[in-house]
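Undergrad: Below is the structure I would like to discuss, written out as structure tokens.
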Amino acid sequence: MQAQAVAELRVDEVLDALHPSFASGTHSAATISPTLLVTGLAASPGAASGLAAIGSQAVLDLVAAGNQVILIATETTPADVAAMGLSAGIVTARGGLASHAAVVARGWGIPAVCDAREVIVEAEGFWVGDVHIANGTPISLDGSTGEVMLGDREVTSAAPGELLSTAISEVLGWADRIAAGRMAVLANADTAADALTARRLGAQGVGLCRTEHMFLEPGRLEIVQRAILSSKDMSSTRADLDELVTAQRDDFSALLAAMDGLCVTVRLLDAPMHEFLAGAADAVAAQQWREHNPMLGVRGVRLGLLRPEIYAAQVRALALAVSNRLAAGGDPRVEIMVPLVSTASELAAAASAIRSAWRETLETVDRRGVAAAEAFPRIGTMIETPRACLVADRLASEAEFVSFGTNDLTQLAFGFSRDDVQSRVIEPYVAGGLLATDPFATLDSDGVGELIAMTLQRAKSVRPDIRSGICGEHGGDPDSISFAVAAGLDYVSCSPYRVPGARLAAAQAVLRGADVMMSE
């Protein structure tokens, strides 16, 4: 009976319960009836209605006046995060399912439409064809269909704590028992608030804490900018790094408290320079970091090895947070993940530096928090490059776990820019039968899946008990989860609001596998 209920519940039913939707056929009599303006990429589910706000400053101004707003931008960067958090919905003219706007919106449960290529953004409004929509004009969007409409519509809200009915919650409990031991569902969570939401929705831990996202709140971005731009010869460098340590120590402490007793996987800084140095106060220094192809430039472990003091500061902050939580009687459990590794020597150098920074930090703290923290946290790596897949046996000599960053792995396997090809290539390819599905939405099992299978085989030849999972956006997609179960991965990690659907999809994949075995 329980297995049948799990098999019959649809993932979209669960997701619909988590997000706001339009009340059928309703709009304000004071405004234009909703008229379709443009259809873009359905990047984050749910419905929203509000005043069009072009750019972050317009959002801040309209919200300060008591309005609900829809942020309109060509694309978003970390500098826009404060405005994004105040918006009821987000529309961007560019960017795919793994773009900054899409990832942040899904993480926060904000409806979003991306890659709406017909939208031309100007300072005081935007154009769709020959229609001009000025700042402050009522618009609506449906992040589940990709539709953006002129005019407002009544939205029925879903609030945390009232997200899932008792019946759905009970079925998801059965799903967890079915998937137990085969597939764990973790969350991508960067703040204590994200973690609490994920835990409330059934996440079994944090599979990806993107530390660069901890600097997205007002006043925080400048901290990481100064740390990157500071010269090793400048007397201000130590102060910049100390500020980074203090900020991250407090953030880690709150995150570990929210996930007390559950594992939190912390990814060290992976900040594309074009995003994190945009608008930096020291424009001259920032210019020295300018890159022609930023997503393939000084990111991840490369930054950590070129500027080792930055990764050391992050490890110090995490060690202090763990020590403080232990001293307070908490049960912090952490792993450290090194991003964008392509060579075994990179990982070995990074792992050595991590252990050194951890050891040195613990020598300076209150002994109450040291004893249980003296064992080094598990160190692993994010598999994002095809070369990392090929040398997985050598990586496994250092890595105690591997987590597939399938957004970048897909991008590099296909040679697709994940932010540029959505409407220009992916849509016509799918429509013409050249691709079966969008590989950024559903994992490409024939290509990227083969890279994952190769990685597991080679890594397990050296470390049979190596832990493995997916932490890209595919971690919340039912078909991709089915692949993960069949491939023998241990977990998937996804945005908090995708966790309930992932729990159901994992159990359904386990049930399908059991049916196949019985039929054989």
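Values in this text are rule-based calculations from the coordinates and carry no lab data. Predicted, not measured: the structure shown is a model, and the values here were computed from it. Virtual Cβ from ideal backbone geometry, glycine too; neighbours counted across all protein chains shown.
Undergrad: Given the convex hull of the Cα atoms of the chain, what is a quarter of its surface area in nm²?
TA: Working: hull surface 102.5 nm².
Reported value for the Cα convex hull: 25.6 nm².
Undergrad: Can you give me the Cα centroid spacing of segment 290-362 and segment 106-161 in angstrom?
TA: The two parts, judged by their Cα centres, are 38 Å apart.
Undergrad: Assign unit charges at the C-beta atoms only (+1 for Lys and Arg, -1 for Asp and Glu), then state the dipole size of the chain relative to its Cα centre in Debye, rounded to the nearest 20.
TA: My answer is approximately 1400 debye.
Undergrad: Okay, moving on. Using only the alpha-carbon atoms of segment 383-520, report the extent along each of the three principal axes, biggest first, to the nearest angstrom.
TA: The principal-axis extents, from largest down, are 42, 37, 33 Å.
Undergrad: Also: Just to be sure I understand: of the beta bridges DSSP finds with both ends in the chain, what percent are antiparallel, rounded to 5? Show your work: numbers first, answer last.
TA: Working: 25 of 62 bridges.
Percent antiparallel among DSSP bridges in the chain is about 40.
Undergrad: Further, regarding this structure: Sorted from fewest to most neighbouring beta carbons within 10 Å, what does the list LEU37, LEU434 look like?
TA: By the 10 Å Cβ count, ascending, the order reads LEU434, LEU37.
Undergrad: A follow-up question, please. Taking the Cβ-Cβ separation of ALA285 and SER417 as r and a Förster radius of 41 Å, what is the calculated FRET efficiency to the nearest 0.05?
TA: Numbers: r = 27 Å, r/R0 = 0.66.
My answer for the efficiency is 0.90.
Undergrad: I would also like to ask the following. Counting only C-alpha contacts under 8 Å and six or more residues apart, can you give the relative contact order of the chain as a whole percent? Walk me through the intermediate numbers first.
TA: Working: 1122 pairs, mean separation 85.1, N = 520.
Relative contact order comes out at 16 percent.
Undergrad: A follow-up question, please. Extending each Cα 7 Å along its Cβ direction at GLU427 and PHE376, get the distance between those two points in nm, one decimal.
TA: Here the modelled spin labels are 4.9 nm apart.
Undergrad: At 7 Å along the Cα-to-beta-carbon direction for both ARG10 and LEU60, put a label point, then send me their distance in nm to one decimal.
TA: My value for the distance between the label points is 4.3 nm.
Undergrad: Towards the positive end of the charge dipole of the chain, with charges on Cβ (+1 Lys, Arg; -1 Asp, Glu), say which of GLN314, VAL448, GLY46 has the farthest Cα.
TA: GLN314
Undergrad: Taking only the C-alpha atoms, wrap a convex hull around segment 19-156 and report its volume per residue in Å³ as a whole number.
TA: 91
Undergrad: Report, for segment 19-156, the % of DSSP beta bridges that are antiparallel, rounded to 5. Kindly include the intermediate steps, with their values, before the conclusion.
TA: On the way: 25 of 35 bridges.
Counting DSSP beta bridges with both partners in segment 19-156, the antiparallel share is about 70 percent.
Undergrad: On to the next question. For segment 441-491, what is the charge dipole size about the Cα centre, in debye to the nearest 20, if Lys and Arg each add +1 at the Cβ and Asp and Glu each add -1 at the Cβ?
TA: That gives segment 441-491 a dipole magnitude of about 380 debye.
Undergrad: Please rank HIS474, HIS19, fewest neighbouring Cβ atoms within 10 Å first, as an exposure proxy.
TA: Fewest-to-most Cβ neighbours within 10 Å comes out as HIS19, HIS474.
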